[in-house]
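Peer 1: Structure incoming, see below.
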Amino acid sequence: MAEGEQARLVAWTWELHSVHDRLRDALAVTREAVAAGAPAEPATRDLLLFCHGFCAALAAHHEGEDRQLFPAIAEQYPELREALRYLQQDHSMIEHLLGGLQAAVARAAPPEELSRHLEGLAAIMESHFRYEERQLRQVLATLALDAEPGAVLGPLWAPSPAAADP
């Protein structure tokens with residue numbers, strides 16, 4: 001295997017971890033926006049921005065995994081099919097939780113309710129990411145998948161407080 005090919009293969013491990021870290025950061029910023037919101041006001045512009053961006057990024061990440069990454073892993077490593085099914089079940093649960101969060105934001109739910117949504121989402125998301133990283137770390141180091149990381153793992157977007165400034 002050529003040196004450049006090995007660098008690309010090993011990069012999938014880094015790409016997954018990097019996307020997970022960015023999604024963790026996006027969740028933290030979203031939680032900070034909820035904490036900073038005024039209880040009597042509709043959802044703030046920051047909260048809408050952060051929630052929309054976070055929810056879209058997490059959904060795109062899981063859709064890319066389900067569409068491209070997991071089928072490639074299942075084909076090359078059939079012994080991981082059960083773990084991949086478990087991860088896809090998590091994706092469905094997280095999608096449901098994201099829907100609840102988005103509905104709460106859309107109806108300007110109080111910060112306490114938004115915080116509960118984010119707490120639940122944070123717990124399952126962290127458990128899912130850790131399991132996924134443990135199960136797939138070695139596989140991603142040798143996975144033959146010729147695709148763009150953004151298409152497979154979702155955009156590398158993470159909001160920052162400056163993103164909300166006009």
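The values are calculated or read from the model by the stated rules, or taken from the named source; none is laboratory data. Everything numeric here is computed off the predicted structure, so don't read it as measured data. With ideal geometry, Cβ positions are generated from the backbone for all residues, glycine too; neighbour counts draw on all protein chains shown.
Peer 1: Here are some residues: LEU145, LEU118. Which one is among the hydrophobic types (A, V, I, L, M, F, W, C) and modelled with pLDDT under 90? Steps first, answer last, please.
Peer 2: Values: LEU118 fails: modelled with pLDDT under 90.
Matching residue, one of LEU145, LEU118: LEU145.
Peer 1: Quick check on this structure: which one of ALA33, ALA57 is modelled with pLDDT of 80 or more, of a type in the set (A, V, I, L, M) and within 20 Å of ALA123 (Cα to Cα)? Write out each step before concluding.
Peer 2: Working: ALA33 fails: modelled with pLDDT of 80 or more.
Going through ALA33, ALA57 in turn, the sole match is ALA57.
Peer 1: Please determine whether any residue of segment 130-137 is more than 17 Å from LEU23 (Cα to Cα), surrounded by 14 or more Cβ atoms within 10 Å (Cβ to Cβ) and either at pLDDT 90 or above or not basic (Lys, Arg) (or both). Quick ask: steps written out before the conclusion?
Peer 2: From segment 130-137, those more than 17 Å from LEU23 (Cα to Cα) are 134-137; that's our starting set.
From the residues that got through so far, the ones that are surrounded by 14 or more Cβ atoms within 10 Å (Cβ to Cβ) too are 135-136.
Of the ones still in play, those that are also either at pLDDT 90 or above or not basic (Lys, Arg) (or both) are 135-136.
Within segment 130-137, one or more residues are more than 17 Å from LEU23 (Cα to Cα), surrounded by 14 or more Cβ atoms within 10 Å (Cβ to Cβ) and either at pLDDT 90 or above or not basic (Lys, Arg) (or both).
Peer 1: Still on this structure, please answer the following. Which residue pairs have Cβ atoms under 7 Å apart, sit 6 or more places apart or on different chains, and have a first residue in segment 52-70 that is aromatic (Phe, Trp, Tyr) and a second that is surrounded by fewer than 17 Cβ atoms within 10 Å (Cβ to Cβ) and in a helix (DSSP H, G or I)?
Peer 2: Final answer for the pair search is PHE70/GLN88.
Peer 1: Also, I was wondering about something else. Quick one: count up the residues across segment 70-107 that are touching an Asp or Glu at 6+ places or on another chain (Cβ under 8 Å) and exposed (fewer than 15 other Cβ atoms within 10 Å of the Cβ).
Peer 2: Qualifying residue count for the region: 1.
Peer 1: Any idea which of (1) over 24 Å from ALA33 (Cα atoms); (2) of a type outside the set (Val, Ile, Thr); (3) in a helix (DSSP H, G or I) is the one ASP146 doesn't satisfy?
Peer 2: ASP146 satisfies every listed condition except (3).
Peer 1: Does ARG137 satisfy the criteria of being touching a Ser or Thr at 6+ places or on another chain (Cβ under 9 Å) and either outside any helix (DSSP H, G or I) or basic (Lys, Arg) (or both)? Break it down into steps so the answer makes sense when it comes.
Peer 2: Details: touching a Ser or Thr at 6+ places or on another chain (Cβ under 9 Å): yes; either outside any helix (DSSP H, G or I) or basic (Lys, Arg) (or both): yes.
Here the answer is yes, as ARG137 does meet what is asked.
Peer 1: Moving on to the next point. Of LEU23, LEU16, which residue is crowded, with 18+ Cβ neighbours inside 10 Å, at pLDDT below 85 and part of a helix (DSSP H, G or I)? Don't jump to the end; show me each part of the working.
Peer 2: Working: LEU23 fails: at pLDDT below 85.
The match here is LEU16.
Peer 1: Follow-up. If I filter segment 81-100 for residues that are closer than 19 Å to VAL29 by Cβ, in a helix (DSSP H, G or I), hydrophobic (A, V, I, L, M, F, W, C) and without any contact (Cβ under 8 Å) to a residue 40 or more places away in the chain, do I get at least one hit? Reasoning before the result, please.
Peer 2: Here is the first cut: in segment 81-100, the ones closer than 19 Å to VAL29 by Cβ are 94, 97-98.
Narrowing further to those that are in a helix (DSSP H, G or I): 94, 97-98.
Those left that are additionally hydrophobic (A, V, I, L, M, F, W, C): 94, 97-98.
Filter once more, so that each one left must be without any contact (Cβ under 8 Å) to a residue 40 or more places away in the chain: 94, 97.
Checked against the condition, which is being closer than 19 Å to VAL29 by Cβ, in a helix (DSSP H, G or I), hydrophobic (A, V, I, L, M, F, W, C) and without any contact (Cβ under 8 Å) to a residue 40 or more places away in the chain, segment 81-100 yields at least one hit.
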